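Report on the structure given below.
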Protein chains: 2
Amino acid sequence: MHGLIGKMTMVAGKRDEVLAILLGSTTKMPGCLSYIIAKDLKDENAIWITEVWDSAESHKASLSLPEVKEAISKARPLIAGFSDYVTTTPVGGHALPKG
Amino acid sequence: MHGLIGKMTMVAGKRDEVLAILLGSTTKMPGCLSYIIAKDLKDENAIWITEVWDSAESHKASLSLPEVKEAISKARPLIAGFSDYVTTTPVGGHALPKG
């Protein structure tokens, strides 16, 4: 498995707009076992995204999906930056699909 | 919803032992919507834990579950420290149970 954790900071006041874009684009991604979008409690312009994929290849392939490319294109002007980016190897847990 | 992201660093060489303890104790926690345990790719003694709960109260209550208390007791001597701790408000995503 392949995991990603990262913080995305939006242009001031644009968090809700980016959340709506992300939530609409992440429903059907082959190989995606978990994709959780969360608001930072201390920074009103920041969110955290945590992802689990069956492989790094599936994650890379997702970036070419039409829905994802469209979401990236819409969100890009509203994003001020990325930070705290970590790649991991998930080993298990609860609510990951078995299989 | 209530979310947690954090890094746990183990005493040198003890990561696999702690992973086994955690994986055995996190299966039945009321209110836990997602609990993912992942190895850090760059630090062989570190892991990342990302959690989603229906509420902060459910997370707090989980710390009193017998299985969790036993796991904490077993793991504590093997843990060197915690860092990168973030609390979030998850707003959605993929593979979170609907309910």
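Give the number of residues within the range B:39-85 that are under 16 Å from residue A:51 (Cα atoms) and either hydrophobic (A, V, I, L, M, F, W, C) or away from chain A (no Cβ under 12 Å) (or both).
Within the range B:39-85, residues that are under 16 Å from residue A:51 (Cα atoms) and either hydrophobic (A, V, I, L, M, F, W, C) or away from chain A (no Cβ under 12 Å) (or both) number 5.
Can you say whether residue B:59 is at pLDDT 95 or above and in contact with a Phe, Trp or Tyr (Cβ under 8 Å, 6 or more places away or on another chain), as far as the supplied structure shows? Walk me through how you get there before you give the answer.
Numbers: at pLDDT 95 or above: yes; in contact with a Phe, Trp or Tyr (Cβ under 8 Å, 6 or more places away or on another chain): yes.
Taking the combined requirement at face value, the residue satisfies it.
Considering only residues that are out of contact with any helix residue (DSSP H, G or I) (no Cβ under 8 Å at 6 or more places or on another chain) and more than 16 Å from residue B:85 (Cβ to Cβ), which ones fall in the range B:28-42? Don't jump to the end; show me each part of the working.
So the first thing to find is which residues in the range B:28-42 are out of contact with any helix residue (DSSP H, G or I) (no Cβ under 8 Å at 6 or more places or on another chain), and the list is B:33-36, B:38, B:40-42.
Result: B:33, B:34, B:41, B:42.
Go through the residues of the range B:53-74 one by one and say whether even a single one is under 22 Å from residue A:23 (Cα atoms) and of a type outside the set (Gly, Ala, Ser).
Start the filter on the range B:53-74 by keeping residues that are under 22 Å from residue A:23 (Cα atoms), which leaves B:53-55.
Filter once more, keeping what is of a type outside the set (Gly, Ala, Ser): B:53-54.
There is at least one residue in the range B:53-74 that is under 22 Å from residue A:23 (Cα atoms) and of a type outside the set (Gly, Ala, Ser).
Looking at the range B:92-99, can you tell me whether even one residue there is out of contact with any Pro (no Cβ under 9 Å at 6 or more places or on another chain), among the hydrophobic types (A, V, I, L, M, F, W, C) and surrounded by 14 or more Cβ atoms within 10 Å (Cβ to Cβ)?
Checked against the condition, which is being out of contact with any Pro (no Cβ under 9 Å at 6 or more places or on another chain), among the hydrophobic types (A, V, I, L, M, F, W, C) and surrounded by 14 or more Cβ atoms within 10 Å (Cβ to Cβ), the range B:92-99 yields no hits at all.
Checking residue A:82 against (1) without any contact (Cβ under 8 Å) to a residue 12 or more places away in the chain; (2) surrounded by fewer than 17 Cβ atoms within 10 Å (Cβ to Cβ); (3) not acidic (Asp, Glu), which test does it fail?
That leaves (1) as the condition not met.
Within the range B:31-75, restricting attention to residues that are β-branched (Val, Ile, Thr) and free of Cβ contacts under 8 Å to residues at least 24 places away in the same chain, which residue is surrounded by the most Cβ atoms within 10 Å (Cβ to Cβ)? First the steps, then the outcome.
First pass over the range B:31-75, keeping only residues β-branched (Val, Ile, Thr): B:36-37, B:47, B:49-50, B:52, B:68, B:72.
Within this subset, residues satisfying the condition of being free of Cβ contacts under 8 Å to residues at least 24 places away in the same chain are B:36-37, B:72.
Details: B:36: 29, B:37: 23, B:72: 14.
Per the stated criteria, the residue is B:36.
The values are calculated or read from the model by the stated rules, or taken from the named source; none is laboratory data. Please read all numbers here as calculations on a predicted model, not as lab measurements. Note that each Cβ is placed from the backbone with ideal geometry, even for glycine, and that neighbours are counted across all protein chains shown.
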